[in-house]
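Colleague: Structure provided below as structure tokens; questions to follow.
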Amino acid sequence: MWRATVFTLFPEMFPGPLGLSLAGEARARGVWALETQDIRDHGRGKHRAVDDTPAGGGAGMVLRADVLAASLDAGLAADDTRPRLLMSPRGKPLRQARVHELSAGQGAVLICGRFEGIDERVIEARSLEEVSIGDYVLSGGELAAMVTLDAIVRLLPGVMGKEASGTEESFEGGLLEYPHYTRPRDFEGRAIPAILLSGDHTKIAAWRKAEALRITKERRPDLLGTMDGGTAPKK
Ligand code: SAM
């Protein structure tokens, strides 16, 4: 079973959306497991303080290295080799290729930051891999952890209905996905492209490829440099 352990100051946020739909059903079937660890359990003093003022001054508070280290050490077995992902806007952007790697492993540890930041020394001392879900700043790492887990869990064997739904979508093969259509044939005067109704699967595949290329060129030309897109691991 693929195992996720999430370190957070807000364990009550989980499973949240991960308890519903594909991820929720897969969890109920035992495809993956989710455990949360409350960082505050290792807070200091009567008020279980987890943060302190930044060395050198400045705005905001910093999550203490000793508190987070104590939480990680108590919550993880010494021989736990799962990747330890620290949700962080300055991390390496999460890409579908990394999502594939993570889903192929035993599981992952996800650490949710809060405040202005996390004491750098715990990042080094516990070999945390900083992961960003995009170039914007969230107020905490919980949503980032959920996004990361959702992307991973849907790739676990048996989670998606049809194998093909995972291999033909955006970022697989370095392109964004082609447009989709379904009934009705006419929607407010807009018809389904005739080729999709032709029954000629070779032509349909060629049209879809051309559309995927057109959309990628328009919206994400940066993806075209790497025609494997740096996405799905090579089989
Ligand atoms: N001061 C930090 C900076 O400028 O890099 C931002 C801290 S943010 C307010 C608090 C926490 O939210 C971070 O420690 C991180 O865990 C999470 N977070 C915010 N944006 C994120 C992103 N784009 N990807 C992943 N985690 C993010």
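Colleague: Can you name every residue in region 13-48 that is without any contact (Cβ under 8 Å) to a residue 12 or more places away in the chain and either more than 17 Å from residue 3 (Cα to Cα) or surrounded by 18 or more Cβ atoms within 10 Å (Cβ to Cβ) (or both)?
Modeller: Selection gives 20, 21, 45, 46, 47, 48.
Colleague: For the subset of region 61-86 comprising residues that are in contact with a helix residue (DSSP H, G or I) (Cβ under 6 Å, 6 or more places away or on another chain) and touching a residue at least 60 places away in the same chain (Cβ under 8 Å), which member is surrounded by the fewest Cβ atoms within 10 Å (Cβ to Cβ)?
Modeller: Here the residue is 65.
Colleague: If I filter region 131-148 for residues that are more than 25 Å from residue 13 (Cα to Cα) and either assigned to a helix (DSSP H, G or I) or of a type in the set (Asp, Glu) (or both), do I get at least one hit?
Modeller: No, that holds for no residue.
Colleague: Does region 104-114 include one or more residues that are touching a strand residue (DSSP E or B) at 6+ places or on another chain (Cβ under 9 Å), assigned by TED's automatic domain parsing to the domain that holds residue 86, free of Cβ contacts under 8 Å to residues at least 60 places away in the same chain and closer than 19 Å to residue 9 by Cβ?
Modeller: Scanning region 104-114, I find at least one residue that is touching a strand residue (DSSP E or B) at 6+ places or on another chain (Cβ under 9 Å), assigned by TED's automatic domain parsing to the domain that holds residue 86, free of Cβ contacts under 8 Å to residues at least 60 places away in the same chain and closer than 19 Å to residue 9 by Cβ, so the answer is yes.
For every residue, the table says whether it meets (1) of a type outside the set (S, T, N, Q); (2) under 20 Å from residue 22 (Cβ atoms); (3) within 14 Å of the ligand (Cβ to nearest atom).
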site	(1), (2), (3)
72	yes, no, no
88	no, no, yes
96	no, yes, no
102	yes, yes, no
117	yes, no, yes
124	yes, no, no
127	no, no, no
137	yes, no, yes
140	yes, no, yes
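Colleague: Tell me, yes or no, whether region 105-113 has at least one residue that is away from the ligand (no atom under 13 Å from the Cβ), polar (S, T, N, Q), surrounded by fewer than 19 Cβ atoms within 10 Å (Cβ to Cβ) and modelled with pLDDT of 95 or more.
Modeller: Yes, some residue in region 105-113 is away from the ligand (no atom under 13 Å from the Cβ), polar (S, T, N, Q), surrounded by fewer than 19 Cβ atoms within 10 Å (Cβ to Cβ) and modelled with pLDDT of 95 or more.
Colleague: Take region 25-74 and flag every residue that is assigned to a loop (DSSP other than H, G, I, E, B) and closer than 30 Å to residue 104 by Cβ.
Modeller: The answer is 29, 30, 31.
The rows are residues; the columns are (1) within 26 Å of residue 88 (Cβ to Cβ); (2) surrounded by fewer than 12 Cβ atoms within 10 Å (Cβ to Cβ).
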site: 155; (1), (2): yes, no
site: 173; (1), (2): no, no
site: 185; (1), (2): no, yes
site: 188; (1), (2): no, yes
site: 195; (1), (2): no, no
site: 204; (1), (2): no, no
site: 212; (1), (2): no, no
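The values are calculated or read from the model by the stated rules, or taken from the named source; none is laboratory data. Bear in mind the structure is a predicted one, so any value in this text is a computation, not a measurement. Counting neighbours? That spans all protein chains shown, and the Cβs are built from the backbone with ideal geometry, glycine included.
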